[in-house]
Amino acid sequence: MTKDSKIRINWMRGMYICTIIVAGLCGLGMLIMPGFIRSVNGWPADDPIFFGIVGSIWAASGILAILGLRDPLKFSPLFLMQLFYKSLWFIFIFAPLAIAGKFPAYGMSFVVIFAIFIIGDIIATPFSYLFKKQS
């Protein structure tokens with residue numbers, strides 16, 4: 001453990017558990033039973049290559065989160081990746097579509113889940129640890 005009071009180990013573990021449940025299980029479902037996942041979530045048929053890439057990334061995030069439960073600081077860059085890709089999605093995908101009035105209703109679950117994860121990742125990310133100058 002570290003003496004840095006800004007590091008919230010329990011919050012990190014909570015975010016790892018959320019990542020396992022949300023990203024890991026959804027990603028695994030997208031890889032194993034894509035048709036079922038699409039129908040349950042009301043998602044339209046998509047290019048299987050891109051759907052598989054997203055599923056693979058989310059499943060990999062879930063696997064890394066399992067490892068993060070054991071060593072939270074070592075695997076904390078996962079929070080940065082999630083924070084960045086979700087924030088970029090808000091800026092480049094959600095915002096333009098919402099402003100144009102073309103954001104599909106089935107995408108609102110992403111908006112809610114991504115917003116919750118962005119807040120959680122900001123709280124969980126040990127920025128002082130990750131950006132500390134190595135000697």
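For the stretch 8-33, filtered to residues that are in contact with a helix residue (DSSP H, G or I) (Cβ under 6 Å, 6 or more places away or on another chain) and either more than 15 Å from residue 65 (Cα to Cα) or among the polar types (S, T, N, Q) (or both), the residue that is surrounded by the most Cβ atoms within 10 Å (Cβ to Cβ) is 19.
Of all residues in the stretch 109-135, those being under 20 Å from residue 23 (Cα atoms) and either part of a loop (DSSP other than H, G, I, E, B) or modelled with pLDDT of 95 or more (or both) number 15. Every condition in (1) over 25 Å from residue 8 (Cβ atoms); (2) out of contact with any Phe, Trp or Tyr (no Cβ under 8 Å at 6 or more places or on another chain) holds for residue 106 except the one numbered (2). Selection of first residues in the stretch 9-28 that are within 12 Å of residue 121 (Cβ to Cβ) and of second residues that are outside any helix (DSSP H, G or I), restricted to Cβ pairs under 6 Å at least 6 apart or on distinct chains, gives the following pairs, ordered by first then second residue: 12/72.
The values are calculated or read from the model by the stated rules, or taken from the named source; none is laboratory data. These numbers were taken from a predicted model, which means no experiment stands behind them. Cβ sites come from the backbone with ideal geometry, for glycine too, and all protein chains shown count toward neighbours.
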